[in-house]
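Taken together, the values in this text are just the output of simple stated rules run on the coordinates, not laboratory data. Because the structure is predicted, anything quoted here is derived from the model rather than measured. Note that we place each Cβ from the backbone using ideal geometry, even for glycine, and neighbour counts take in every protein chain shown.
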Amino acid sequence: MVRVANKVIPDAVHLQVQKEIELLEEKYAKKKGLFSFSRLFPTSITHVYLVTETGNLMAFGSRKEEDADADIMAGMFTAVQNFIEDAFVEEGNKQGLERISKGNLTMLIERMPPVYLLTIISGKERPDIRMSMKRFLSRLFDEYGDIMKNWDGDLDELTEIKKRVGNFAHNTYM
């Protein structure tokens with residue numbers, strides 16, 4: 001949810017408005033013969049983590065061959081997430097983080113209990129990325145929901161999920 005002028009706007013509406021504004025900017029630039037920088041600097045997914053609510057890493061995907069320990073990243077995120085949920089409790093509304101940003105990198109968080117999908121992007125956050133994350137997580141649940149809900153820690157059960165998460169990590173958005 002986004003709060004604008006003391007009104008709460010659902011994420012889907014907010015994302016659609018952002019997308020429409022970007023399209024209008026693109027059309028205006030074309031009409032005026034201006035160059036559009038959004039095509040020059042695409043947004044890329046650099047890392048994807050599928051993490052249980054308890055902090056266990058189920059699957060990880062990255063564009064890089066060498067990376068920091070994904071298990072440590074998953075555990076640290078979960079510790080921060082739990083702290084935020086406990087420290088900033090609103091009456092009847094227990095929400096967690098939706099994004100963490102530092103410089104050109106942004107971590108987007110999408111939840112579908114009992115898991116989180118953490119997606120780190122390089123570049124401008126675009127509305128279609130979060131929608132893509134929601135669709136991806138929904139498809140994973142459609143196909144592997146029982147495995148994810150009842151997962152006992154056996155990594156051999158997650159072979160197909162790991163492939164899907166790895167493929168998702170190679171998406172680029174223009």
Quiz item: Given a cut-off of under 8 Å on Cα pairs at least six residues apart, what relative contact order in percent is computed for region 41-173?
Solution: 37
Self-check item: Pairwise label distance in nanometres, E125 with E90, each label 7 Å out on the Cα-Cβ vector
Solution: 1.6
Practice problem: Name the residue farthest towards the positive end of the dipole of region 41-173 from the options S62, L105, T52, assuming +1 on Cβ of Lys and Arg, -1 on Cβ of Asp and Glu, about the Cα centre. | Solution: L105
Quiz item: What dipole magnitude, in Debye to the nearest 20, does region 39-174 give about its Cα centre under +1 on Lys/Arg Cβ and -1 on Asp/Glu Cβ?
Solution: 880
